[in-house]
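The values are calculated or read from the model by the stated rules, or taken from the named source; none is laboratory data. Treat the numbers as computed from the prediction; the structure is a model and nothing was measured. Note that we place each Cβ from the backbone using ideal geometry, even for glycine, and neighbour counts take in every protein chain shown.
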Amino acid sequence: MVSIYFFVGKGGVGKTTCATAFSLTLALRNYRTLIVSLDPAHNLGDVLGLKLEEKEVKVVDNLYAVEIDFDKMVHEHLKQLADKIKEMYRYLKVLNLDKYIDLLKHSPGIEEYATLEKIIDIVEEEIGKGKYDVIVFDTPPTGLMIRILALPTITLIWVDKLLELRKAILERRLILERIHGEKTRIKISDKEYSLPSSISEDPVYRELLSMRKRVNMLYSKLVDKNTTSIVLVVNPETLPVLEAYRAYTFLAKINIPVKALVINKVLEFKQPAREFKVKIEEQEKALRMVREMFKDIPVVKVPLLPEEPIGIEKLSKMARYLQPILS
Ligand SMILES: Nc1ncnc2c1ncn2[C@@H]1O[C@H](COP(=O)(O)OP(=O)(O)OP(=O)(O)O)[C@@H](O)[C@H]1O
Ligand SMILES: [Mg+2]
């Protein structure tokens, strides 16, 4: 069974770097690992020093990486939506369905849903193929990622409501059908269409059910702590810690387990220079906040490294700090 990791945190804290170093740890321990960048502003390739694309690129033995093409992903999502709407409401062609579909592009939440669909595709494909033991997702900054992680919970609520509604509509159609002794028909531009009146013949009901099944598959994985681990990443500063705490409490509310917190870029001085006194005090304050706010999960410290951890060699050295996430 595949394990899933999401590295989540404020912009610039080191999500991509930590996710990559952690993936190298996994690969070294013989876990077949796929690291996937979901961030529209990719830097996974930069961190690894490799040119990445949608197709898997081998990083080292047991580790492969992909960067999802964000624009293509949104475009494909919209196309799929448009195709489904056209298929389900064929008889509404005359009502300028294309204009309505065009509007979808500008609807709020489209990018989040497109990302959710992509995550489902990747997890589903993995379940089918069983190629990897672990999938590590490098994510966009907290705000957007939290909204994406909350989508399955929200979607299941509204899909269930829509299924109920649709069922009520079909039941009423069936009553009318029984009264009239024939299917309800509508006439648009001299053409007649008969309307479905049972669950089995209704494409809308079928589509809602299939959507429910896909989303529920991911939901069941997200809330299962044996499958999914969220790793929050912060720097030893007040704002990233506060943001991570908000994410932590929100994820707890929707039953998504947080596995660990990484404090990245911790300043370590034996004898700090006077100029760093204020900085060190700030760091101490942030570390105290972390101790109070994240009592229930392991906290992993990664020092601020003298050299930017770019490239497999430097990342492999950094990886040892991230090993405790696994324990
Ligand atoms: N422990 C560390 N020591 C030194 N530099 C680090 C460390 N961790 C990350 N960096 C550097 O910090 C910068 C930001 O890291 P990274 O790109 O991983 O952050 P991010 O959270 O993924 O950012 P974004 O939100 O833009 O995706 C990079 O230049 C990276 O090399
Ligand atoms: Mg990043």
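Structure above, values below:
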| quantity | calculated |
| --- | --- |
| Evaluation of Ala21 against (1) farther than 20 Å from Val262 by Cα; (2) buried (at least 23 other Cβ atoms within 10 Å of the Cβ); (3) aliphatic (A, V, I, L, M) (one fails), failing number | (1) |
| Residue check, Leu34 among the aliphatic types (A, V, I, L, M), within 16 Å of ligand 2 (Cβ to nearest atom) and touching a residue at least 12 places away in the same chain (Cβ under 8 Å) | no |
| Failed criterion for Gly128 (all others in (1) over 17 Å from the mean Cα position of the chain (by Cα); (2) crowded, with 17+ Cβ neighbours inside 10 Å hold) | (2) |
| Subset tally (residues that are among the charged types (D, E, K, R), more than 16 Å from ligand 2 (Cβ to nearest atom) and either under 21 Å from Asn226 (Cα atoms) or modelled with pLDDT of 85 or more (or both)) for the range 94-146 | 11 |
| One residue from Ser210, Ser197 being among the small types (Gly, Ala, Ser) and either touching a strand residue (DSSP E or B) at 6+ places or on another chain (Cβ under 6 Å) or under 25 Å from Ile127 (Cβ atoms) (or both) | Ser210 |
| Qualifying helices (runs of 4 or more DSSP H) (wholly inside the range 82-186; at least 2 residues being hydrophobic (A, V, I, L, M, F, W, C), farther than 30 Å from Lys253 by Cβ and without any contact (Cβ under 8 Å) to a residue 24 or more places away in the chain) | 97-104, 142-180 |
| Verdict on Leu232 being surrounded by 15 or more Cβ atoms within 10 Å (Cβ to Cβ), touching a residue at least 24 places away in the same chain (Cβ under 8 Å) and either of a type in the set (A, V, I, L, M) or in a helix (DSSP H, G or I) (or both) | yes |
| Qualifying residue in the range 266-274 (condition: more than 16 Å from ligand 2 (Cβ to nearest atom), in contact with a Leu (Cβ under 7 Å, 6 or more places away or on another chain) and touching a residue at least 40 places away in the same chain (Cβ under 8 Å)) | no |
| Hey, Leu251 more than 16 Å from ligand 1 (Cβ to nearest atom), outside any loop (DSSP other than H, G, I, E, B), crowded, with 20+ Cβ neighbours inside 10 Å and not small (Gly, Ala, Ser) or not | yes |
| Residues located in the range 65-81, provided they are of a type in the set (A, V, I, L, M) and not in a helix (DSSP H, G or I) | Ala65, Val66, Ile68 |
| Val302 assigned to a strand (DSSP E or B) and touching a helix residue (DSSP H, G or I) at 6+ places or on another chain (Cβ under 6 Å) | yes |
| Inter-residue pairs, beta-carbon under 8 Å, first crowded, with 17+ Cβ neighbours inside 10 Å and in the range 210-221, second of a type in the set (S, T, N, Q) and in a helix (DSSP H, G or I), 6+ apart | Met211/Thr155; Val215/Thr155; Tyr219/Thr153 |
| Residue, nearest to Thr227 (Cα to Cα), within the range 241-268, restricted to residues that are of a type in the set (Ser, Thr, Tyr) and under 18 Å from the mean Cα position of the chain (by Cα) | Tyr248 |
| Any chance Leu52 is within 15 Å of ligand 2 (Cβ to nearest atom) and either in contact with a strand residue (DSSP E or B) (Cβ under 6 Å, 6 or more places away or on another chain) or aliphatic (A, V, I, L, M) (or both) | yes |
| Pair list, Cβ under 9 Å, 6 or more apart: the range 288-308 residue within 16 Å of ligand 2 (Cβ to nearest atom), other residue charged (D, E, K, R) and at pLDDT 95 or above | Val302/Lys265; Glu308/Lys314 |
| Glu268 being out of contact with any strand residue (DSSP E or B) (no Cβ under 7 Å at 6 or more places or on another chain) and either assigned to a loop (DSSP other than H, G, I, E, B) or within 16 Å of ligand 1 (Cβ to nearest atom) (or both) | no |
| Some residue of the range 302-309 being away from ligand 1 (no atom under 12 Å from the Cβ), under 27 Å from the mean Cα position of the chain (by Cα) and at pLDDT 95 or above | no |
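Yes or no, residue by residue, for (1) surrounded by 17 or more Cβ atoms within 10 Å (Cβ to Cβ); (2) among the basic types (Lys, Arg):
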{"residue": "Glu237", "(1), (2)": "yes, no"}
{"residue": "Pro257", "(1), (2)": "no, no"}
{"residue": "Asn264", "(1), (2)": "yes, no"}
{"residue": "Arg291", "(1), (2)": "no, yes"}
{"residue": "Asp296", "(1), (2)": "no, no"}
{"residue": "Lys301", "(1), (2)": "no, yes"}
